[in-house]
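The values are calculated or read from the model by the stated rules, or taken from the named source; none is laboratory data. These figures come from a predicted structure and were not determined experimentally. Glycine also receives a Cβ, built like all others from the backbone with ideal geometry; neighbour counts cover every protein chain displayed. Side chains are part of the model used for accessible areas, which takes the heavy atoms of the whole protein and leaves out ligands, DNA and RNA. Shrake-Rupley method; radii C 1.70, N 1.55, O 1.52, S 1.80 Å.
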Amino acid sequence: AQKVTQAQTEISVVEKEDVTLDCVYETRDTTYYLFWYKQPPSGELVFLIRRNSFDEQNEISGRYSWNFQKSTSSFNFTITASQVVDSAVYFCALSEAYNTDKLIFGTGTRLQVFP
Amino acid sequence: DSGVTQTPKHLITATGQRVTLRCSPRSGDLSVYWYQQSLDQGLQFLIQYYNGEERAKGNILERFSAQQFPDLHSELNLSSLELGDSALYFCASSVSGRVTSSYNEQFFGPGTRLTVL
């Protein structure tokens with residue numbers, strides 16, 4: 001069965017601190033996709049990144065970076081120099097490779113960045 | 001703006017009632033997905049339609065049903081509502097129903113917040 005675990009329910013940091021959000025996944029598929037979404041207080045889901053299972057290269061986008069390690073089934077997300085606007089709930093998600101693009105979400109991590 | 005529209009934005013109703021949530025996918029997208037975000041269950045996949053036909057089913061209750069019409073818009077019908085059905089319901093669309101191993105991006109609508117009193 002497929003499963004995504006985000007063990008951190010809530011994280012609080014002070015602005016400019018670095019913060020890492022953990023994501024561990026389970027799947028029997030050899031080909032799959034991993035995602036991070038942001039849900040700000042306004043409620044919409046904002047797509048951040050998609051990663052294929054056969055591409056383990058880490059990715060950096062501005063203050064955001066992602067570390068994908070198949071050996072530990074983890075896809076962690078780091079925000080460098082956090083800002084108040086980063087306050088949101090962040091979801092990690094998994095999609096299987098065939099038949100459907102449905103997303104399996106983790107329970108989310110609420111990040112609060114204080115000024 | 002993702003191009004996916006959902007109506008209504010908010011819905012307040014009473015237990016035992018029936019409601020219909022509507023979703024219009026992005027132009028050209030054939031697949032529609034419904035997700036429920038509740039305090040108890042988190043964010044979970046309910047059902048997917050592709051070009052009018054059911055493609056995948058998740059943890060959707062028997063009291064819930066969905067359909068996709070010839071113009072590709074979709075409706076999620078929730079009946080015999082209970083307090084626990086209060087949630088944010090998201091619709092997403094993608095261009096196809098995954099006939100190859102390449103992923104098709106899902107675009108999420110703004111959601112419909114349902115409150116059952």
Please sort by residue number the trypsin sites (Lys or Arg not before Pro) in the range A:16-115 whose DSSP state is loop and whose Cβ has at most 10 other Cβ atoms within 10 Å.
A:R28
Mind listing which GluC sites (Glu not before Pro) in the range B:29-75 are in a DSSP loop and have 13 or fewer other Cβ atoms within 10 Å?
B:E62
Point-to-point label distance, B:S80-A:I49, nm (Cα→Cβ direction, 7 Å offset):
4.5 nm
What residues of the range A:80-115 lose no less than 20 Å² of accessible area with every protein chain in place versus their chain by itself (probe 1.4 Å, heavy atoms only)?
A:F91, A:A97, A:Y98, A:N99, A:T100, A:D101, A:K102, A:L103, A:F105
At 7 Å along the Cα-to-beta-carbon direction for both A:S12 and B:N51, put a label point, then send me their distance in nm to one decimal.
5.3 nm
Over both sides of the B-A contact, add up the buried accessible area with a 1.4 Å probe and give it to the nearest 100 Å².
1800 Å²
Please report the relative contact order for chain A, taking Cα pairs under 8 Å with a sequence separation of at least 6, and give it as a percent rounded to a whole number.
38 percent
Can you pull out the GluC sites (Glu not before Pro) in the range A:4-86 whose DSSP state is coil and whose Cβ has at most 14 other Cβ atoms within 10 Å?
A:E15, A:E17, A:E56
Given a cut-off of under 8 Å on Cα pairs at least six residues apart, what relative contact order in percent is computed for the range B:19-58?
29 percent
Would you work out the relative contact order for the range B:1-74, in percent, from Cα pairs under 8 angstrom that are 6 or more residues apart?
24 percent
Under a crude label model (7 Å from the Cα following the beta-carbon direction), how far is B:S65 from A:T107 in nanometres?
3.4 nm
